[in-house]
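The structure under discussion appears below in the form of structure tokens.
The values are calculated or read from the model by the stated rules, or taken from the named source; none is laboratory data. No experiment lies behind these values; they were computed from the predicted model shown. Please note: Cβ atoms are built from the backbone with ideal geometry, for glycine as well, and neighbour counts cover all protein chains shown. Ligands, DNA and RNA are excluded from the accessible area calculation, which covers all protein heavy atoms including side chains. Shrake-Rupley method; radii C 1.70, N 1.55, O 1.52, S 1.80 Å.
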Amino acid sequence: TIGELHPEARTINLICRCIKIEDEFPKKAESQKETDDSENKQVTPAQRRNRPVARLADATGTVLLALTTEELRNVVQEGEALIVRNAHVRMKKRTFIRLHIDRWGLTERWSEKWGYSTPPKPEDLKIDHDVSAIEYVPVEDDDEDEEGFGDA
């Protein structure tokens, strides 16, 4: 569930609902020209900085999903029930959680044909618990051995 996400979460599978799509940095997005380059699927550094994010919600909280590809932008729409498979957490500025889906992950619209549990209804969403707004403080561990792992 979204409420259980933490900075090192991997292999995240969710049934959720997209409640809003917004620009990650709205001030920069308004000042720059937006170009519709559907032929070029690569994201330029400027577009990456201002990429849209989707706010996903379930019965336990909300989280921001980085919409890094054109395919994700086409699938994730406001109000849609979604199945998110094999996502992982990346820390934005090392302190805030962002959900990411890379080439091994998958997001698709929820359908009864898959046999998954029913997505939450809009009235059941817990919007007041935003996991992406929680600030985590990076802790440096001086006790790590040479291979980068802590004591077992």
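Scalar couplings 3J(HN,Hα) for region 85-101, obtained by applying the Karplus form with A = 6.51, B = -1.76, C = 1.60 to θ = phi - 60°, are 10, 6, 8, 8, 8, 10, 8, 7, 6, 6, 10, 10, 6, 10, 7, 10, 10 Hz; x denotes Gly and Pro.
Packing, taken as the mean count of other beta carbons within 10 Å per residue, orders the peptides 10-17, 77-84 from highest to lowest as 10-17, 77-84.
Largest to smallest in accessible area, the residues W110, W104 fall in the order W104, W110 (1.4 Å probe, all protein chains included). By the gyration tensor of its Cα atoms, with a ≥ b ≥ c the square roots of the eigenvalues, what is the shape of region 53-102: rounded for a/c under 1.5, prolate for a/b over b/c, or oblate? Cα axes put region 53-102 in the oblate bin. In this structure, the amide hydrogen of K126, modeled 1.01 Å from its nitrogen in the peptide plane, lies closer than 5 angstrom to those of D58, A59, T60, G61, counting only residues at least 5 positions away or on a different chain. Using the Cβ of Y136 as centre and a radius below 11 Å, the other residues enclosed give a net charge of +1, where K and R count +1 and D and E count -1. For W110, the residues 5 or more places off, or on other chains, whose built amide H falls under 5 Å of its own are A81, L82, I83. The label point for T95 and the one for E140, both projected 7 Å from the Cα toward the Cβ, are 1.7 nm apart.
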